[in-house]
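Visitor: Pasting in a structure now, in structure tokens, and then I'll have a few things to ask.
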Amino acid sequence: MKSLFLFHRKSLMMVNFQDKIPGYITEKRNIVRLILFTAGFALLFINFYEPFGVRYWFNIPWLKLLVYSSLVILTGVLVVVVSRVIMFYSTRKRFWLNYWHYIIWVLSEVFFMALFYTLFEIFIFNDNRDFAFLLKLSVQNTALVLLLPYSAMWLYFSNHEKKLQLDKLAHGEPPAIDASRNMIPFHDEKEVLRISVKLENLLYLESSDNYVSIYYLNKGKISKYLLRNTLKKMEDLFKNTEIVRCHRSYMVNFDKVKVMRKDKEGLQLELDLPSVIDIPVSRSYVEKVMEKFSRYSSSI
């Protein structure tokens, strides 16, 4: 257990806390795994470690404690369930969590679950000990109940994601792009990394035969990088990101779209820089772009 904390601490020391957390943390299946693992760990923790001294303080037999604790744990885990559901839908609506956000979020989960257990102990078990003392004790034990499985699952998700990426590389597939990270890698047709651009600086992509021009901000000026690849491959890599195909020849970073207007030439996207061209939207991509636009509108 000590080695787990040391490894996790070393990993955190290498992290820029302003960076966005990895996308696999907020994937639906991983959230379900986290909740189930945390609930199982909490049941074992309560029944074998016996925090608060509940069995001796209230003279509860072990079997009765098992029943009570199971009900209490499953009810208390609802705090995590509600929290992670909110996190899931928030990150699907243009809200990205960085490491600081995530730390505060987890600490909030610890506090509210500890508050629930404290109130349960006072009103259900009629514990007459001081509220502040019980809350402090509950925070300490709840921190162990949540932080230990959270750390273990983070390491598991990280290792699993790296294994998937290595398997893809071994089969000649390019790794999927996770736009929740700061840097967006661009590979050529031979899967050689040629350039990486911060998502916040990426403007749009324009295709020309077997080349893709990458337009991005560099020191306040618009720069262009010519990459030998196709927009079709770029579209496959940027699935489930804010970089959207809107035309046979264009993909655009929707975070940079300021205005969407319709004129005699069709639907046009205006970016938040006056010197950038308007990006056209072809008929075959109108529905996809409108769906993305509606998601943005609902998140404001």
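Visitor: Does I195 satisfy the criteria of being β-branched (V, I, T), surrounded by 17 or more Cβ atoms within 10 Å (Cβ to Cβ) and either in contact with a Leu (Cβ under 9 Å, 6 or more places away or on another chain) or at pLDDT 90 or above (or both)?
Guide: On the way: β-branched (V, I, T): yes; surrounded by 17 or more Cβ atoms within 10 Å (Cβ to Cβ): no; either in contact with a Leu (Cβ under 9 Å, 6 or more places away or on another chain) or at pLDDT 90 or above (or both): yes.
No.
Visitor: Of the numbered conditions (1) part of a helix (DSSP H, G or I); (2) at pLDDT below 90; (3) surrounded by 17 or more Cβ atoms within 10 Å (Cβ to Cβ), L135 fails exactly one; give the number of that condition.
Guide: L135 satisfies all of (1) part of a helix (DSSP H, G or I); (2) at pLDDT below 90; (3) surrounded by 17 or more Cβ atoms within 10 Å (Cβ to Cβ) except (2).
Visitor: Okay, next question. I'd like to verify a number: residues in region 249-266 that are of a type in the set (A, V, I, L, M) and either surrounded by fewer than 21 Cβ atoms within 10 Å (Cβ to Cβ) or out of contact with any strand residue (DSSP E or B) (no Cβ under 7 Å at 6 or more places or on another chain) (or both), how many?
Guide: Final tally of qualifying residues: 2.
Visitor: Okay, next question. Determine, yes or no, whether I73 is surrounded by 12 or more Cβ atoms within 10 Å (Cβ to Cβ) and at pLDDT 70 or above.
Guide: Answer is yes for this residue.
Visitor: Inspect all residues belonging to region 257-270 and state whether any of them is more than 30 Å from I86 (Cα to Cα) and under 29 Å from the mean Cα position of the chain (by Cα).
Guide: There is at least one residue in region 257-270 that is more than 30 Å from I86 (Cα to Cα) and under 29 Å from the mean Cα position of the chain (by Cα).
Visitor: Suppose the filter is within 30 Å of E27 (Cα to Cα), at pLDDT 85 or above and assigned to a helix (DSSP H, G or I); does V252 pass it? If you could, list the steps in order and put the result at the bottom.
Guide: Working: within 30 Å of E27 (Cα to Cα): yes; at pLDDT 85 or above: yes; assigned to a helix (DSSP H, G or I): no.
No, not satisfied.
Visitor: Considering each of S83, S108, S151 in turn, give the residue that is out of contact with any helix residue (DSSP H, G or I) (no Cβ under 7 Å at 6 or more places or on another chain) and within 28 Å of N240 (Cβ to Cβ). Don't jump to the end; show me each part of the working.
Guide: Details: S83 fails: out of contact with any helix residue (DSSP H, G or I) (no Cβ under 7 Å at 6 or more places or on another chain); S151 fails: out of contact with any helix residue (DSSP H, G or I) (no Cβ under 7 Å at 6 or more places or on another chain).
Going through S83, S108, S151 in turn, just one is out of contact with any helix residue (DSSP H, G or I) (no Cβ under 7 Å at 6 or more places or on another chain) and within 28 Å of N240 (Cβ to Cβ): S108.
Visitor: Out of curiosity, is E270 in contact with a strand residue (DSSP E or B) (Cβ under 6 Å, 6 or more places away or on another chain), closer than 28 Å to Y89 by Cα and part of a strand (DSSP E or B)?
Guide: On the way: in contact with a strand residue (DSSP E or B) (Cβ under 6 Å, 6 or more places away or on another chain): yes; closer than 28 Å to Y89 by Cα: yes; part of a strand (DSSP E or B): yes.
When the stated conditions are applied, E270 passes them.
The values are calculated or read from the model by the stated rules, or taken from the named source; none is laboratory data. These figures come from a predicted structure and were not determined experimentally. Methodologically, a virtual Cβ is constructed for each residue, glycine included, from the backbone with ideal geometry; neighbour enumeration extends over all protein chains shown.
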